[in-house]
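Here is the structure we will look at, set down as structure tokens.
The values are calculated or read from the model by the stated rules, or taken from the named source; none is laboratory data. Since this is a predicted model, take the numbers as computed values, not measurements. Note that each Cβ is placed from the backbone with ideal geometry, even for glycine, and that neighbours are counted across all protein chains shown. Heavy atoms of the whole protein, side chains included, go into the accessibility calculation; ligands, DNA and RNA do not. Shrake-Rupley method; radii C 1.70, N 1.55, O 1.52, S 1.80 Å.
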Amino acid sequence: MALLFRQFAKVSCFAAGFALCLGLRPVSAQPASDLKAAVALAQEARQKYDRGDWDGARQLFEAANDKAHSPVLTLYVARCFRNAGQLLRARAVFQEVVNEVLPSDANQQFRAANKDAADDLSELERRIPRLAIAVVGGHKTSTVDLDGTLLSTADLAQPVWVDPGARVVRLLSDGVEVARRAVVAEEGKVVPVELS
């Protein structure tokens, strides 16, 4: 029953009293027109979010957040990334909300967004795939390239977090490819990748 009430409260939050639910309130330096524009953008964003248009919703949530910042808007930006399968970007944005230092008089919506972001982040991190990359027989000039990004020895000390999907891992020696592995990273899995 408590979960049902919480979900209803979230839906009601976006349906009525939108500015209040976002924790938006006029600030002396902030024009009322910015607040009004932020609310309009956020309402349109929520409609796109409810239809599953993650990219369109994210862009509008970001635009609303630029007009009048709210951790609630940032939380929904992270959820859009997550729902679109961009788990690493979602993780970074959830972490922003968790790390945001709230003023002592922060409203309930800001505090709830902070807690929800922490919960979402914890759940998300269990879903993010990782590649356990091991180099066998490489020499000191060998480097590992993951989808065009060079990884340091420190990066390889533990499994590397990646978004789900097809990944290409290459071993380079003096800039020349000497080994290549194509792998598919699945949610929640650690995929061993050996390069030799």
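Numerical summary
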{"quantity": "Within the range 37-59, considering residues that are more than 21 Å from residue 87 (Cβ to Cβ) and of a type in the set (A, V, I, L, M), the one surrounded by the most Cβ atoms within 10 Å (Cβ to Cβ)", "calculated": "42"}
{"quantity": "Residue match in the range 7-30 (condition: part of a loop (DSSP other than H, G, I, E, B) and at pLDDT 95 or above)", "calculated": "no"}
{"quantity": "Some residue of the range 165-176 being assigned to a helix (DSSP H, G or I) and either open to solvent by 50 Å² or more (accessible area, probe 1.4 Å) or modelled with pLDDT of 90 or more (or both)", "calculated": "no"}
{"quantity": "Some residue of the range 65-82 being hydrophobic (A, V, I, L, M, F, W, C) and open to solvent by 30 Å² or more (accessible area, probe 1.4 Å)", "calculated": "no"}
{"quantity": "Any hit, the range 133-141, residues being in contact with a helix residue (DSSP H, G or I) (Cβ under 6 Å, 6 or more places away or on another chain), among the aliphatic types (A, V, I, L, M) and surrounded by 11 or more Cβ atoms within 10 Å (Cβ to Cβ)", "calculated": "yes"}
{"quantity": "Subset of the range 151-164 that is open to solvent by 50 Å² or more (accessible area, probe 1.4 Å) and under 20 Å from residue 89 (Cβ atoms) - its residue that is modelled with the highest pLDDT", "calculated": "161"}
{"quantity": "Search result, residues across the range 89-130 that are among the β-branched types (Val, Ile, Thr), surrounded by 13 or more Cβ atoms within 10 Å (Cβ to Cβ) and assigned to a loop (DSSP other than H, G, I, E, B)", "calculated": "128"}
{"quantity": "Conditions (1) on the phi < 0 side of the Ramachandran plot; (2) loosely packed, with under 14 Cβ neighbours inside 10 Å: number failed by residue 148", "calculated": "(1)"}
{"quantity": "The range 52-72 residues that are assigned to a helix (DSSP H, G or I), paired with ones that are of a type in the set (Phe, Trp, Tyr) (beta carbon under 6 Å, 6 or more apart)", "calculated": "57/49; 61/76; 71/110"}
{"quantity": "Checking residue 170 against (1) in contact (Cβ under 8 Å) with a residue 60 or more places away in the chain; (2) more than 19 Å from the chain's Cα centre (by Cα), the condition it does not meet", "calculated": "(1)"}
